Amino acid sequence: MTPLLETRGLSKTFGGLKAVQKVDLCIGADRIVSVIGPNGAGKTTFFNCLSGIYRPDGGAILLEGRDITGRAPHQVCRLGVSRTFQNIRLFPEMTVLENVLVAQFQHRSISPLPLLLHSPHFRDEEKRSRDEALAFLDFVGLASHAEKISSSLAYGLQRRLEIARALATRPRLLLLDEPAAGMNPQEAVDMVRLISRIRERGLAILLIEHHMKVVMSISDDILVLDHGVPIAHGAPEKVRNDPQVIKAYLGEEVTP
Ligand SMILES: Nc1ncnc2c1ncn2[C@@H]1O[C@H](COP(=O)(O)OP(=O)(O)OP(=O)(O)O)[C@@H](O)[C@H]1O
Ligand SMILES: [Mg+2]
């Protein structure tokens, strides 16, 4: 069966630095695949290539067998790949609800004419968007915060809002860059639950995460990068006991 997303020999260099080197990866629909590795291993760069922020300088990205290498971020998003950022990127002065509405409008191609004319069609559309946005907020546990200014939310809640915004673009594949970063153990457990519920909606998830408990408990498959090079790939049990992985993580916790 054709995987939802596949990379073949994906590579990205910055000057002389080989940030991502020949990465092969397959993600099936409704799978959770994690990308782990020490700081600077190339994880975010890999995401930036997948989401169209960087143009890879080698290899290919296939979405359901179709080559999407080099597509711009908005095109990749329209094709069903959405992401969150390691450094949260919200509209800080907007409300929580407005942040989700903006994501929806960015995704849809809505003619401005009904909006300018304030036609009944526009009012229907506006109501539908609002209801949908509220449903996404409810899904991530933020319904009661809808009217708050997003920068006033606690950090962990802002991460949830980022996920609601990504979901509002109706992806088939969601890329999460360290969704549990800076969270306490209970918040990290809650994040695992949320990620599982997203998968239950039929989405595939590609996850970058340093919390090994999160990674080991939730992943179907794990890819390990070290200095841009894939050094291990497989089920959590296999990866956890891989001597090269243990070496790359020397001094860091690999086992939960
Ligand atoms: N735009 C850029 N220009 C030059 N070098 C870059 C750029 N982006 C990333 N790098 C370099 O590429 C390497 C990989 O960085 P990247 O951010 O992908 O690592 P990472 O695995 O996400 O690390 P972390 O766990 O700290 O988030 C690093 O050496 C980084 O300094
Ligand atoms: Mg990173």
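Every read-out reported here was derived from the displayed coordinates using simple, explicitly stated rules and does not represent laboratory data. Worth saying up front: this structure is predicted, and the values here are computed from it rather than measured. Positions of Cβ are generated from backbone atoms using ideal geometry, with glycine treated the same way; all protein chains shown enter the neighbour counts.
Dividing the summed helix terms, -39500 (n - 2.57) for each DSSP H run of n ≥ 4, by the number of residues in the chain produces a 222 nm estimate of -11500 deg cm²/dmol to the nearest 500. Close amide H partners of G58, meaning residues 5 or more places away or on another chain with modelled amide H under 5 Å apart, are S11. Placing R0 at 22 angstrom, the Cβ-Cβ distance between V229 and R55 gives a FRET efficiency of 0.60 after rounding to 0.05. When the P(r) is computed for the chain, the part past 24 Å accounts for 49% of the Cα-Cα pairs. Once the Cβ-Cβ distance of K238 and H210 is raised to the sixth power relative to R0 = 22 Å, the FRET efficiency obtained is 0.65.
For the cross-link pairs K213/K238; K12/K247; K43/K247, which exceed 20 Å when the distance is taken from alpha carbon to alpha carbon? Check vs 20 Å cut-off fails for K12/K247. Here the gap between S152 and S119, fully extended at 0.36 nm per residue and compared with their Cα-Cα distance, gives a gain of 8.4 nm. Summing charges over all other residues whose Cβ lies under 11 Å from the Cβ of G228, with Lys and Arg as +1 and Asp and Glu as -1, gives +3. Stretching the chain fully between I246 and K22 yields a gain of 78.5 nm (0.36 nm per residue, less the alpha carbon separation). The relative contact order of the chain comes to 27 percent, based on Cα pairs under 8 Å that sit 6 or more residues apart.
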